[in-house]
1. Please verify whether Gly111 is surrounded by fewer than 17 Cβ atoms within 10 Å (Cβ to Cβ), in a loop (DSSP other than H, G, I, E, B), touching a strand residue (DSSP E or B) at 6+ places or on another chain (Cβ under 9 Å) and at pLDDT below 90, treating the condition exactly as stated.
2. Can you tell me which residues in the stretch 144-178 are among the polar types (S, T, N, Q), surrounded by 16 or more Cβ atoms within 10 Å (Cβ to Cβ) and in a loop (DSSP other than H, G, I, E, B)?
3. In the set Val218, Val186, which member is surrounded by fewer than 18 Cβ atoms within 10 Å (Cβ to Cβ) and within 13 Å of Met105 (Cα to Cα)?
4. Restricting attention to the stretch 101-116, which residues are touching a Phe, Trp or Tyr at 6+ places or on another chain (Cβ under 9 Å) and among the small types (Gly, Ala, Ser)?
5. Residues to consider are Arg141, Arg132; find the one that is modelled with pLDDT of 95 or more, outside any loop (DSSP other than H, G, I, E, B) and in contact with a His (Cβ under 7 Å, 6 or more places away or on another chain).
6. Pick out the one residue from Ala161, Ala190, Ala165, Ala185 that is more than 29 Å from Ser214 (Cα to Cα) and either modelled with pLDDT of 95 or more or of a type in the set (Gly, Ala, Ser) (or both).
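The values are calculated or read from the model by the stated rules, or taken from the named source; none is laboratory data. Predicted, not measured: the structure shown is a model, and the values here were computed from it. Here Cβ is always computed from backbone atoms with ideal geometry, including for glycine, and neighbour counts include all displayed protein chains.
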Amino acid sequence: MEFASGNPVSGQSGGFAAAGRPSSDGALIGSDFETFLKMLTAQMKHQDPLNPVDSTQFATQLATFSSVEQQVRTNELLTALGAQMGALSVSQLSGWVGMTARAEMPVHFDGEPVTISTRDVGLADRAELVVRNREGKEIQRLPVETGRQELEWAGVSASGAPLPAGVYHLTVESYAADELTSTDAVYVHARIVEARNEDGQPILVMDSGQEVESGDIVGLRQAQ
């Protein structure tokens, strides 16, 4: 198993944005409010002149319904604003398409070396890269240098044969005096091929199929 330092890497293109969905709540509340006013007017016309309904009751009913109407309209405005902000975020992220992103995510191995980064974990005298398959079974353990670095995981066995294509989870175990001090996920480098809005959350899709929230991206650079 060999590791090699990765090289900085160019190119970018457009992305996609999603718009909000109109609501029928406004039309519904408007119809209900008109009906309420008609009922209120009829009640006033047909009340007993000798025992009229207290005018404050009418005012209270009207104020209550008006408050509900305003709340529904406020909710509609907030929903529309959220959709606009989500679309704006995706529009801004479209400039990331074509770039190489660095984030915590599984490795989708297809036979080609995968660029990863490890982090500085402090006082450790040795470290090991631990590779597990999709089911979580450990299939490989390799010595690596301690501290922050960029490596290429070749994805080959001890005999030099390529591992089966699929999803792998890579972590780094750090030791001090043979005592495990930390287990940390590695950062995987992948090229962004799409930006989209999913339930108001901007999502970035990598060339290997991984989907990552924009807030989980910790680094960007031009793809090579």
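1. On the way: surrounded by fewer than 17 Cβ atoms within 10 Å (Cβ to Cβ): yes; in a loop (DSSP other than H, G, I, E, B): yes; touching a strand residue (DSSP E or B) at 6+ places or on another chain (Cβ under 9 Å): yes; at pLDDT below 90: no.
It is false that Gly111 is surrounded by fewer than 17 Cβ atoms within 10 Å (Cβ to Cβ), in a loop (DSSP other than H, G, I, E, B), touching a strand residue (DSSP E or B) at 6+ places or on another chain (Cβ under 9 Å) and at pLDDT below 90.
2. Passing the criteria: only Thr146.
3. On inspection, the qualifying residue turns out to be Val218.
4. Correct list: Ala103 only.
5. Arg132
6. Of Ala161, Ala190, Ala165, Ala185, the one residue that is more than 29 Å from Ser214 (Cα to Cα) and either modelled with pLDDT of 95 or more or of a type in the set (Gly, Ala, Ser) (or both) is Ala161.
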